[in-house]
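J.: Take a look at the following structure, please.
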Amino acid sequence: MRLDWILAAARVDLRDSDRRVLATAPPNAAELAAVLPALERHGILGQVDAQLAALGLAAEARQHSNWQARLHALRQDGLRDRLTLERALRAASNAQSQVILLKGASLSQDLYREPGRRAAGDLDLLVRPEHLEPFLAHLAKDGFLPPARSLPRWWYRLTHFHLKLRHALPMCKEIEVHWHLHHAALGLAVGRSELWNRAQPVTTLNRNAFDLDPLDRWLHLATHFASHGVVLHAEDLADLFTVERPRARWKWVVDLVATTEALAQTAAPALAQRRVEAWNARTLIQPAFSGLQSLGLPSPVAANWLAEVGFPGSTITSRRRNITAHRPETGLDFRIEALRGLPRFILPSLASLRRTLPVGLVGRTLAWPFIVLLRLGQVALAALLLPAALLARLVLTNARSRARAAAESPAATLDIVSHWLSLGGSAHRG
């Protein structure tokens with residue numbers, strides 16, 4: 001598999017070197033067919049096609065029926081994104097709840113405006129904790145409910161940082177409603193009040209919402225990517241694009257490179273450096289940026305900006321050889337893979353407490369044992385309550401079935417199907 005043209009065409013802003021790579025050896029029909037599954041898996045098919053089209057390359061190869069069929073499916077998927085976002089923002093408005101657009105929902109406002117340009121698996125929203133319950137209630141009225149096998153809501157409020165909601169109709173995407181950006185085990189110190197104070201109001205689809213401040217959005221993308229434990233190395237890229245379940249999606253890399261290059265034009269390095277320290281994110285994201293720079297992905301201007309922020313393009317000496325295994329996100333999750341994050345949660349570093357406990361090193365050192373005991377208590381409480389949560393799931397089964405049936409009523413179904421068709425969605429979607 002040729003990776004040079006994939007890495008070039010997936011970029012949001014093409015450099016002269018990328019154009020030369022694509023113009024010198026544009027992909028042929030056989031190469032496009034061979035990489036089609038990988039491009040879809042990594043969420044970059046729409047981006048690659050758009051860049052090739054803009055350069056007038058591989059025009060005949062891209063007319064192949066299978067390529068066009070997958071592009072059509074991707075555009076339909078983009079309409080599912082829009083449908084879900086419209087209904088979520090309507091629920092937020094009815095509930096008088098404030099929400100911040102995260103990840104793909106945010107990036108679609110500036111980097112990827114066309115439906116399907118960037119594939120998204122779900123819709124991520126951050127809601128003020130005091131607005132959470134009314135927002136969830138209005139989403140439930142519209143048919144967005146926890147999966148049948150999920151534990152009760154209080155369990156996730158106690159142990160996690162978001163809740164997954166699904167709709168019975170296939171034209172609606174899954175929604176992840178966040179009340180925190182990250183789990184405490186990541187050791188990040190950014191406060192919710194700070195995020196909301198810096199959040200910027202936006203109007204999208206004729207509804208009001210918020211976007212993270214550009215530096216906060218950049219750090220959220222960086223910490224999300226880094227939390228999956230991937231350090232990019234050139235020798236691993238072939239595996240990354242060929243395995244069925246890669247630990248990281250290339251769209252995350254494209255997002256991070258594009259937002260870094262945009263900030264390099266607008267944000268002072270000193271301000272970015274202070275924000276990194278305010279998040280306590282440097283240790284977590286340093287390997288991620290080292291990997292990007294080792295592959296030469298950021299532009300020279302962005303690479304210089306990163307160096308001034310404190311992320312020099314140093315040589316990576318460590319290597320993660322297993323980049324293909326799925327790893328659950330850190331949380332009070334009792335699956336074996338996720339339990340590896342518990343030590344960081346129970347035993348936080350003194351540096352991670354610097355902003356939450358601004359009492360000096362001596363004060364933090366004295367407080368540290370009490371914090372450890374408190375977090376041990378949280379883990380013990382979660383473990384003790386797990387049987388109750390499992391029992392509650394059984395009790396909730398009938399109630400959830402009734403709610404699901406109401407969401408599938410003829411009137412509710414007609415409402416969503418009509419909305420779907422008004423957006424140009426296919427009437428033949430399965």
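J.: For A8, what is the net charge nearby, where nearby means another residue's Cβ is under 13 Å from its Cβ and Lys, Arg count +1, Asp, Glu -1?
T.: Surrounding charge for A8 is +1.
J.: Looking at the calculated P(r) for the chain, what percent of the C-alpha pair distances fall above 28 Å?
T.: It works out to 54 percent of all Cα pairs.
J.: Under 19 Å from a point 7 Å along the Cα-to-Cβ line of V202: which residues of region 245-278 have their amide N that close?
T.: Zone members listed by number: 251-267.
J.: Something else: If you split all Cα-Cα distances of region 197-262 into 10 Å bins from zero, what percentages do you get per bin, shortest first?
T.: Bin by bin from 0 Å, the calculated values are 18, 39, 27, 14, 2.
J.: Could you name the lysines whose alpha carbon sits less than 24 Å from that of K251, not counting residues in the same chain fewer than 8 places away?
T.: K103, K164, K173
J.: For every other residue with a beta carbon closer than 10 angstrom to the beta carbon of R166, add +1 if it is Lys or Arg and -1 if Asp or Glu, then tell me the sum.
T.: Local charge sum for R166: +1.
J.: For A406, project a label point 7 Å along Cα to C-beta. Then give me every residue of region 112-139 with its amide nitrogen under 13 Å of that point.
T.: What the label zone holds, given the 13 Å backbone N cut-off, is 137-139.
J.: Using θ = phi - 60° and the Karplus form 6.51 cos²θ - 1.76 cosθ + 1.60, what ³J(HN,Hα) does each residue of region 157-165 get, whole Hz, x for Gly and Pro?
T.: These are the phi-based 3J(HN,Hα) values: 4, 6, 10, 9, 10, 7, 10, 8, 10 Hz.
J.: Test of understanding: in a Gaussian network model of the chain with alpha carbons linked when under 10 Å, which of A281, A38, A399 would top the mean-square fluctuation ranking?
T.: Between A281, A38, A399, it is A399 that shows the largest mean-square fluctuation.
J.: Please give the Cα centre distance for region 228-244 versus region 102-140, rounded to the nearest Å.
T.: What the calculation gives is 28 Å, centre to centre.
J.: Among 369-375, 127-133, how do they line up from the highest to the lowest mean number of other beta-carbon atoms within 10 Å?
T.: 127-133, 369-375
J.: List the aspartates and glutamates whose alpha-carbon lies under 13 Å from that of K141, not counting same-chain residues fewer than 8 positions away?
T.: Candidates past the 8-residue exclusion: E133, E408, D415.
J.: Picking from A405, V372, S426, whose Cα lies most toward the positive end of the charge dipole for the chain (charges on Cβ: Lys, Arg +1; Asp, Glu -1)?
T.: V372
J.: Relative to the compact-globule scaling 2.2 N^0.38 Å, provide the ratio for the alpha-carbon radius of gyration of region 1-63.
T.: Against the compact-globule rule of thumb, the ratio is 0.98.
J.: List the residues, sorted by chain then number, that are 5 or more residues from E174 or on another chain and whose placed amide H is less than 5 Å from its amide H.
T.: When sequence neighbours closer than 5 places are left aside, the close amide H contacts are L123.
J.: Would you calculate, for the chain, the mean residue ellipticity at 222 nm contributed by helices, counting each DSSP H stretch of 4 or more residues as -39,500 (n - 2.57) and dividing by all residues, to the nearest 500?
T.: Estimated from H runs of four or more residues: -17500 deg cm²/dmol.
J.: Moving on to the next point. Between A383 and K164, what is the FRET efficiency for a Förster distance of 22 Å, r being their Cβ-Cβ separation, to the nearest 0.05?
T.: So the FRET efficiency works out to roughly 0.50.
J.: By how many nm would the segment from A53 to S294 grow when fully extended, if each residue of separation counts as 0.36 nm and the alpha-carbon distance is taken off?
T.: That works out to 83.9 nm of additional length.
J.: Dipole size in debye (nearest 20) for the chain around its Cα centre, Lys and Arg Cβ +1, Asp and Glu Cβ -1?
T.: So the dipole magnitude of the chain works out to roughly 1040 debye.
J.: How high is the FRET efficiency between E60 and R20 when r is their beta carbon distance and R₀ equals 30 Å, given to the nearest 0.05?
T.: Efficiency, rounded to the nearest 0.05: 0.90.
J.: Rounded to the nearest 0.05, what FRET efficiency do V243 and T365 have when you use their Cβ-Cβ distance and R0 = 51 Å?
T.: 0.70
All of the numbers you see were taken from the coordinates with simple rules; none came from a lab. Because the structure is a prediction, the values reported are computed rather than measured. When we count neighbours, we look across all protein chains shown, and the Cβ atoms used for this are built from the backbone with ideal geometry, even at glycine.
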